[in-house]
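So the structure is just underneath, and the comments pick up after that.
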2 protein chains.
Amino acid sequence: MLDTEAADAQARTNAAELKSRIGAADPDTLALLFTEARTHYGWRDKPVKREQLKALYDIAKMGPTSMNQQPMRLVFVESQEAKTKLAPALMEPNRPKMMSAPVTAIVAYDSEFYEKMPEVYPLNPNARDMYANNPEMAAANAVRNGTLQGAYFIIAARAIGLDTGPMSGFDNAKVDELFFAGTSHKSNFLCNLGYADESKIFRRMPRLKFEDVATFI
Amino acid sequence: MLDTEAADAQARTNAAELKSRIGAADPDTLALLFTEARTHYGWRDKPVKREQLKALYDIAKMGPTSMNQQPMRLVFVESQEAKTKLAPALMEPNRPKMMSAPVTAIVAYDSEFYEKMPEVYPLNPNARDMYANNPEMAAANAVRNGTLQGAYFIIAARAIGLDTGPMSGFDNAKVDELFFAGTSHKSNFLCNLGYADESKIFRRMPRLKFEDVATFI
């Protein structure tokens with residue numbers, strides 16, 4: 001009990017210290033992560049190291065999920081053999097984007113993420129059963145939280161200086177059959193990673209205005 | 001034609017310039033956005049200005065969505081009246097977290113987001129019908145891309161110095177009935193926003209290891 005109380009106290013000190021030290025992100029970093037970042041379609045012949053992908057994950061994993069579920073699972077498609085296996089599941093225009101990328105992540109989620117709840121959420125010993133006994137709630141949570149983590153993954157990749165090309169133009173059922181048969185994993189989206197050939201990008205498409213999407217009540 | 005070619009050329013120059021100017025995010029910013037950031041449960045009595053919420057959106061809106069769909073819709077619950085209306089839809093332990101927050105966002109998505117495709121994706125005049133004629137695909141896209149945008153929303157809030165408390169412990173159908181009846185909008189999750197009372201946070205729960213979630217093929 002004293003150990004967990006001490007851990008809570010330390011967490012509170014850390015959180016207060018963080019906010020007093022760093023008020024907000026600077027405009028250059030926001031440009032890198034959001035405002036000037038682009039989705040990329042062509043790739044330079046420069047490899048991505050496995051250490052970079054681990055560093056990326058170690059940032060993304062800290063993003064919040066409901067009850068710390070962390071349903072995201074990742075398959076990094078690096079080899080020519082695995083890419084050739086993946087290609088037929090993609091819409092034709094997406095195949096060269098994937099084939100030319102140094103690595104393509106299959107961002108997936110574990111529909112039985114709840115089996116890890118005793119490990120990731122020891123605060124509530126009933127957490128596993130709460131989801132295991134309610135398949136509809138479990139499925140919604142796997143998709144919601146797996147997708148939140150997918151977004152953290154994209155932003156974290158940009159944060160370590162990688163260019164990203166997320167894609168959902170593919171046959172999810174076919175990818176699941178090819179890569180996840182006999183498991184509880186399901187594909188969500190693909191994300192090409194590497195160093196972009198900027199000559200392949202297009203002008204930006206317009207964003208919806210605040211007034212068009214938001215209301216105050 | 002020349003105008004769009006010039007726009008493409010400018011976008012390519014901007015993208016190349018960005019990457020040569022900023023290599024990666026610094027550790028302090030990563031701490032603010034991901035590695036040291038926490039989910040908050042208690043709030044100080046310090047208001048959030050509507051201008052801050054617009055600034056937040058103007059960052060988050062730049063995150064990528066499939067074919068620029070941008071299905072996320074936002075309701076910012078500020079008034080005591082609206083909070084009292086929302087409260088019964090929340091699991092009991094989440095009510096005081098929401099009631100004490102300066103503002104709670106209902107992060108929602110428009111299941112008929114495709115009606116805006118002619119505006120947001122003028123490159124493909126068939127984009128609207130592609131989704132409108134395939135309700136299953138449209139629904140999956142609304143959830144996936146609306147949730148990606150929800151994650152961008154959380155990270156962008158942290159980036160402008162707000163503390164966040166995302167929550168999914170509530171009755172989505174009830175929120176939809178109370179706030180979105182007769183519309184195509186559906187609730188996804190809630191996000192309290194403000195300046196945290198750090199004394200209310202808990203020790204961090206463990207994150208899954210890279211080796212436990214990722215494979216290379």
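Only one entry in A:A159, A:A151 is closer than 13 Å to A:M72 by Cα, facing chain B (nearest Cβ under 7 Å) and of a type outside the set (K, R), namely A:A151. For the criterion of being more than 9 Å from chain A (Cβ to nearest Cβ), touching a residue at least 24 places away in the same chain (Cβ under 8 Å), surrounded by 14 or more Cβ atoms within 10 Å (Cβ to Cβ) and assigned to a helix (DSSP H, G or I), B:K174 passes. Restrict the check to region B:103-120 and report whether at least one residue is closer than 24 Å to A:E36 by Cα, without any contact (Cβ under 8 Å) to a residue 12 or more places away in the chain and of a type outside the set (A, V, I, L, M, F, W, C). Looking for residues that are closer than 24 Å to A:E36 by Cα, without any contact (Cβ under 8 Å) to a residue 12 or more places away in the chain and of a type outside the set (A, V, I, L, M, F, W, C), one finds at least one in region B:103-120, hence yes.
Of all residues in region A:7-23, those that are within 15 Å of B:H40 (Cα to Cα) and without any contact (Cβ under 8 Å) to a residue 12 or more places away in the chain have Cβ atoms under 6 Å from Cβ atoms of residues that are open to solvent by 40 Å² or more (accessible area, probe 1.4 Å) and in a loop (DSSP other than H, G, I, E, B), 6 or more apart or on another chain, in A:D8/B:F202; A:D8/B:R203; A:A11/B:R203; A:L18/B:E36. Scanning region B:96-133 for residues that are open to solvent by less than 40 Å² (accessible area, probe 1.4 Å), more than 22 Å from B:E177 (Cβ to Cβ) and not aliphatic (A, V, I, L, M) turns up B:P102, B:Y114, B:Y131. The conditions of being out of contact with any His (no Cβ under 8 Å at 6 or more places or on another chain) and under 30 Å from B:A37 (Cα atoms) are met by A:T35.
Of all residues in region A:39-53, those satisfying the criterion of being more than 19 Å from B:P64 (Cα to Cα) and either part of a helix (DSSP H, G or I) or facing chain B (nearest Cβ under 9 Å) (or both) are A:R50, A:E51, A:Q52, A:L53.
To keep it simple, each residue is scored yes or no on (1) at pLDDT below 95; (2) in contact with a helix residue (DSSP H, G or I) (Cβ under 7 Å, 6 or more places away or on another chain); (3) closer than 26 Å to A:N192 by Cα; (4) acidic (D, E).
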site: B:G23; (1), (2), (3), (4): yes, no, yes, no
site: B:P27; (1), (2), (3), (4): yes, no, yes, no
site: B:F34; (1), (2), (3), (4): no, yes, yes, no
site: B:K46; (1), (2), (3), (4): no, no, no, no
site: B:K49; (1), (2), (3), (4): no, no, no, no
site: B:Q52; (1), (2), (3), (4): no, no, no, no
site: B:A55; (1), (2), (3), (4): no, no, no, no
site: B:N68; (1), (2), (3), (4): no, yes, yes, no
site: B:M72; (1), (2), (3), (4): no, yes, yes, no
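Does A:A181 qualify as being in contact (Cβ under 8 Å) with a residue 12 or more places away in the chain and either of a type in the set (G, A, S) or more than 8 Å from every other protein chain (Cβ to nearest Cβ) (or both)? No; evaluated as a whole, the condition is false for this residue.
Within region A:54-84, the set of residues being more than 30 Å from A:Y131 (Cα to Cα), part of a helix (DSSP H, G or I) and within 7 Å of another protein chain (Cβ to nearest Cβ) comprises A:A82 only.
Matching residues to (1) more than 9 Å from chain A (Cβ to nearest Cβ); (2) touching a residue at least 24 places away in the same chain (Cβ under 8 Å):
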| position | (1), (2) |
| --- | --- |
| B:E92 | yes, no |
| B:A101 | yes, yes |
| B:P135 | yes, no |
| B:S168 | no, no |
| B:K186 | yes, yes |
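For every residue, the table says whether it meets (1) β-branched (V, I, T); (2) farther than 26 Å from B:P102 by Cβ; (3) open to solvent by less than 40 Å² (accessible area, probe 1.4 Å).
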position	(1), (2), (3)
B:N14	no, yes, no
B:I22	yes, yes, yes
B:F34	no, no, yes
B:R38	no, no, yes
B:V48	yes, no, yes
B:E51	no, no, no
B:K54	no, no, no
B:A60	no, no, yes
B:Q69	no, yes, yes
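A:A108: more than 18 Å from B:A214 (Cβ to Cβ) and in contact with a Lys or Arg (Cβ under 7 Å, 6 or more places away or on another chain), yes or no? Against the criterion (more than 18 Å from B:A214 (Cβ to Cβ) and in contact with a Lys or Arg (Cβ under 7 Å, 6 or more places away or on another chain)), A:A108 does not qualify. Condition test on A:V175, is it over 25 Å from A:K46 (Cα atoms) and within 14 Å of the chain's Cα centre (by Cα)? Answer is no for this residue.
Checking the stated criteria, B:A139 turns out not to satisfy the condition of being crowded, with 16+ Cβ neighbours inside 10 Å, under 27 Å from A:F34 (Cα atoms) and touching a residue at least 12 places away in the same chain (Cβ under 8 Å).
Screening B:M205 on (1) over 29 Å from B:Y41 (Cβ atoms); (2) in a loop (DSSP other than H, G, I, E, B); (3) of a type in the set (A, V, I, L, M) shows it passes everything except condition (1). Residues that are of a type outside the set (A, V, I, L, M, F, W, C), facing chain A (nearest Cβ under 8 Å) and either closer than 17 Å to A:S66 by Cβ or surrounded by fewer than 19 Cβ atoms within 10 Å (Cβ to Cβ) (or both) within region B:196-211 comprise B:S199, B:R203, B:R204, B:P206, B:R207, listed in sequence order.
Taken over region B:141-170, the criterion of being farther than 13 Å from B:T65 by Cβ, of a type in the set (A, V, I, L, M) and part of a helix (DSSP H, G or I) is satisfied by B:I154, B:I155, B:A156, B:A157, B:A159.
The values are calculated or read from the model by the stated rules, or taken from the named source; none is laboratory data. This is a predicted model, so every value here is computed, not measured. In this analysis, Cβ positions are derived from the backbone assuming ideal geometry, glycine residues included, and neighbour counts consider all displayed protein chains. Ligands, DNA and RNA are stripped out before the accessible areas are found, and what is left, the full protein with its side chains, is counted by its heavy atoms. Shrake-Rupley method; radii C 1.70, N 1.55, O 1.52, S 1.80 Å.
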